[in-house]
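Quick notes on the structure that follows.
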Amino acid sequence: MKKRRICFFDALKLNKEIGNKRRIASDFTALGSLFAEIKDFVKAKSYLDSAANFYSGIGEKLALSTVLLQLASLEKGGFSLENLSKALELEQKALTLAQETESLEAQRSAWKALAETQKARGAYRASLEAYQNFQAFQDSIFNNENEKKLLSLRIGYEFETREKKLTAEFESEKQLLQLEKESERLRASLYLIGIGVVLLIGGGVFWGFRYQAKNKRLKLESEFRAQMAELELKALKAQMNPHFIFNALSSISNFLLKNQAEEADRYLTRFSRLIRRILEYSEVKEISLSEEISLLQDYISIEAMRLGKEVDFEIQIGEGVDQTRLMIPPLLLQPLVENSIWHGIAIFKNPA
């Protein structure tokens, strides 16, 4: 316990030097929980009040809701009507914040706390209503978890199937183009033989056929190169999307391993919205520059959550550029931004 307290104080000191308010509030919360465990309720309340003030200042409604429930739990430890009234007020504020964030888990926790407090106050009807709401959210969370598992499996299956399909199409079209190219070469050779015979008739006819054969061969080679480039772009997109998705899933797993369930829930909600857009864009060859910029903004916000701090960025567009008309391949800029974050910003991520 002593070692944990020292670690939390060291982390708090470091985060104060850095100026990371979100991490400072998190450290205050951890210290409040620690002192509550050892029954030092005065210090526990002091640190939790500090955490609530920081979370309120930076607009972190979900985390603030959790801290208010912890403060309400301390108030209920007194078992007096005055303390129960204070606890009830804190829990109602926590419920309002949870409803604003639309977090099922936070609303479930708030309804459960309200049911217990109303029961302790003797308000059995209000306690029953709160418990019924708690049970409803309990069922919703269970169904939502099942939906998330199904979504994860479906995404993996769809990408595996799409990758195999694109690979097969690429190989098939490549072989077909090779056969067509060989066929055209043979045809060109026959043209040259015919031109050789026509040479006996006249130089003018010879030069005419030769010029025609040369132009046709160049056209066929140009078309072949264009089709090859399109197939290579398809193959690149098939590899790029799984790479980004599995990196994001790894970040979600990291949140869960650190017992940061609220951050993981919020991360997964934004991630599912982003993945739907990626799946839609993967079906088209080009999207507008404005759509690509919107996707990048969503991606950067997700990475900012992973880093635990704000990521300042600016997108500059040249004068006269119409973002809605300028078309580019989807996910053209995302790998560049991803590399910039992972290799230019993430290495300076706060170790605490």
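The values are calculated or read from the model by the stated rules, or taken from the named source; none is laboratory data. None of these values were measured; they are calculated from a predicted model. Methodologically, a virtual Cβ is constructed for each residue, glycine included, from the backbone with ideal geometry; neighbour enumeration extends over all protein chains shown. Heads up: the accessible areas ignore ligands, DNA and RNA and are worked out on the full protein's heavy atoms, side chains in. Shrake-Rupley method; radii C 1.70, N 1.55, O 1.52, S 1.80 Å.
Things worth noting here:
- Subset of the stretch 11-21 [touching a residue at least 40 places away in the same chain (Cβ under 8 Å) and surrounded by fewer than 17 Cβ atoms within 10 Å (Cβ to Cβ)]: 14, 18
- Residue 24 vs. criteria under 17 Å from residue 260 (Cβ atoms), at pLDDT 85 or above and either among the β-branched types (Val, Ile, Thr) or surrounded by fewer than 16 Cβ atoms within 10 Å (Cβ to Cβ) (or both): yes
- In the stretch 310-331, the residues that are more than 14 Å from residue 297 (Cβ to Cβ) and assigned to a loop (DSSP other than H, G, I, E, B) form Cβ pairs under 7 Å with partners that are open to solvent by 70 Å² or more (accessible area, probe 1.4 Å) and at pLDDT 85 or above, at six or more places apart or across chains, as follows: 329/286.
- For residue 117, the conditions (1) β-branched (Val, Ile, Thr); (2) open to solvent by less than 20 Å² (accessible area, probe 1.4 Å); (3) out of contact with any Lys or Arg (no Cβ under 9 Å at 6 or more places or on another chain) are fulfilled apart from (3).
- When 288, 294 are checked against the criterion of being loosely packed, with under 15 Cβ neighbours inside 10 Å, of a type outside the set (Val, Ile, Thr) and farther than 24 Å from residue 163 by Cβ, a single residue qualifies: 294.
- Here residue 300 meets the list (1) at pLDDT 80 or above; (2) among the β-branched types (Val, Ile, Thr); (3) surrounded by fewer than 12 Cβ atoms within 10 Å (Cβ to Cβ) almost entirely, failing just condition (3).
- Scope the stretch 80-114; condition aliphatic (A, V, I, L, M), surrounded by fewer than 22 Cβ atoms within 10 Å (Cβ to Cβ) and in contact (Cβ under 8 Å) with a residue 40 or more places away in the chain; matching residues: 81, 104
- Inside the stretch 253-276, residues that are touching a Ser or Thr at 6+ places or on another chain (Cβ under 8 Å) and within 21 Å of residue 337 (Cα to Cα) make up a count of 2.
- Looking at 57, 77, just one residue is over 32 Å from the mean Cα position of the chain (by Cα) and either touching a residue at least 12 places away in the same chain (Cβ under 8 Å) or open to solvent by 50 Å² or more (accessible area, probe 1.4 Å) (or both), and that residue is 77.
- Look at the stretch 255-276: where a residue is among the aliphatic types (A, V, I, L, M) and a partner is assigned to a helix (DSSP H, G or I) and at pLDDT 80 or above, sitting 6+ places away or on another chain with Cβ atoms under 8 Å, you get 256/264; 261/105; 274/295; 274/298; 274/299; 274/302.
- Qualifying residues in the stretch 278-301 (those that are among the charged types (D, E, K, R) and touching a residue at least 40 places away in the same chain (Cβ under 8 Å)) - the one nearest to residue 267 (Cα to Cα): 292
- Test: residue in the stretch 169-186 that is polar (S, T, N, Q), open to solvent by less than 60 Å² (accessible area, probe 1.4 Å), modelled with pLDDT of 70 or more and not in a loop (DSSP other than H, G, I, E, B): yes
- Some residue of the stretch 2-19 being under 25 Å from residue 89 (Cβ atoms) and part of a helix (DSSP H, G or I): no
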